[in-house]
């Protein structure tokens, strides 16, 4: 919840600074502040996708038949999205300096390794 809380507090302080068109910039800057500029765009993308993917359906409303197994390969697509995000997070984790890995594990990697299917 660190990113959403930080965004909320920044909006409360100066809402005009962060219109909806600049939310992705806020996320990138947040990732850069936490982990440096090298992987900030990729980390911001992972953070944004996580929210998007979880927004497909509330976890408490998921059931075994929520995503169709036949039509449009819906279940496969949803699972592949989560798996790709987890793989990308694992890749970045392996490249980060040792002193940033614990924070990255908590904020980025762990939530992506346990998809809500």
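Bear in mind that the values in this text are calculations on the coordinates, not laboratory data. Owing to the predicted nature of the structure, the values given are computational and were not obtained by experimental measurement.
Using only the alpha-carbon atoms, how far is helix 40-54 inclined from the longest principal axis of the chain? Give it as 0 to 90 degrees, nearest 10.
Tilt relative to the chain: about 40 degrees.
Across the chain, how large is the tail of the calculated P(r) beyond 23 Å, expressed as a percent of all Cα pairs?
Numbers: 2537 of 6786 pairs.
For the chain, the fraction of Cα-Cα distances above 23 Å is 37 percent.
So if I restrict to the alpha-carbon atoms in the stretch 69-117, what is the Rg, and what is Dmax, the biggest pairwise distance, in Å?
Here Rg and the maximum Cα pair distance are 13.3, 45 Å.
What's the angle, to the nearest 10 degrees (0 to 90), between helix 2-13's Cα axis and the longest principal axis of the chain?
50 degrees
How large is the helix-only mean residue ellipticity at 222 nm for the chain, computed as the sum of -39500 (n - 2.57) over DSSP H runs with n ≥ 4, divided by its residue count, in deg cm²/dmol to the nearest 500?
Details: 6 runs with 73 residues, N = 117.
Counting only the DSSP helices, I get -19500 deg cm²/dmol.
Considering the Cα trace of the stretch 32-94, what is its radius of gyration and what is Dmax, both in angstroms?
Calculated on Cα positions, Rg and Dmax stand at 14.2, 43 Å.
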